[in-house]
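Engineer: First the structure, which I've put down as structure tokens, then a few questions once you've had a look.
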């Protein structure tokens, strides 16, 4: 799947945490208690914005060059990486019904062995798409 890279601006809070803004996604904000937590939250928040735009067929903004970002005193910028495939595997777990056709003899043999068709199909599809 696709990886996206966008800068995030980390703003130090008085209590020691951080709040994060995104120059390319002005509607997107998040926060974290530590630098590690703030980074994780920035990936999640940015991912939510990207996924929502893609689902609505909206174009994604061009990524700002980190050198062009003007920072206030105490702020710093980090380039955040977002893995769309990983995000969707984690968040888009809704099942969808599919109809498929297999030979009658295969259906009978699988049913006799009490094979879970959905499970087998999911496992096979995961092997195929993970290699993409």
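Bear in mind that the values in this text are calculations on the coordinates, not laboratory data. As the structure is a computational prediction, the values presented were derived from the model and not from experiment. Positions of Cβ are generated from backbone atoms using ideal geometry, with glycine treated the same way; all protein chains shown enter the neighbour counts.
Engineer: Mind checking the full-extension length gain between residue 112 and residue 68? Use 0.36 nm per residue of separation minus the Cα-Cα distance, one decimal, nm. Provide the component values of the computation, followed by the final result.
Structural biologist: Details: separation 44, 0.36 × 44 = 15.84 nm, distance 6.49 nm.
Result: 9.4 nm gained on full extension.
Engineer: Would you mind calculating the gained length between residue 40 and residue 98 on full extension (0.36 nm times residue separation, minus the Cα-Cα distance), in nm to one decimal?
Structural biologist: Gain in length upon complete extension: 17.4 nm.
Engineer: Which of these, 92, 116, 15, has the largest mean-square fluctuation under a Gaussian network model of the chain (Cα springs below 10 Å)?
Structural biologist: 116
Engineer: Report relative contact order for the chain in percent, whole number only (criteria: Cα-Cα under 8 Å, sequence separation at least 6).
Structural biologist: The normalised contact order for the chain reaches 28 percent.
Engineer: Mind checking the full-extension length gain between residue 58 and residue 125? Use 0.36 nm per residue of separation minus the Cα-Cα distance, one decimal, nm.
Structural biologist: Working it through step by step, the gained length comes to 21.3 nm.
Engineer: Just want the ordering: 19, 105, from fewest to most Cβ atoms lying within 10 Å of their own Cβ.
Structural biologist: Going from sparsest to densest Cβ surroundings: 105, 19.
Engineer: A further question follows. Any idea what angle helix 35-55 forms with the longest principal axis of the chain, computed on alpha-carbon atoms, 0 to 90 degrees, nearest 10?
Structural biologist: It works out to around 60 degrees.
Engineer: Between 54, 121, 71, where does the largest GNM mean-square fluctuation fall for the chain, given springs only between Cα atoms within less than 10 Å?
Structural biologist: So, out of 54, 121, 71, the one fluctuating most is 121.
Engineer: Relative to the longest principal axis of the C-alpha atoms of the chain, give the angle of the C-alpha long axis of helix 117-130, reported between 0 and 90° and rounded to the nearest 10°.
Structural biologist: The angle comes out at about 50 degrees.
Engineer: What residue among 108, 44, 52 has the largest mean-square fluctuation in a Gaussian network model of the chain, using Cα springs under 10 Å?
Structural biologist: Sorting by GNM fluctuation, first place goes to 108.
Engineer: Using Cα centres only, tell me the gap between segment 1-33 and segment 72-122 in whole Å.
Structural biologist: 29 Å
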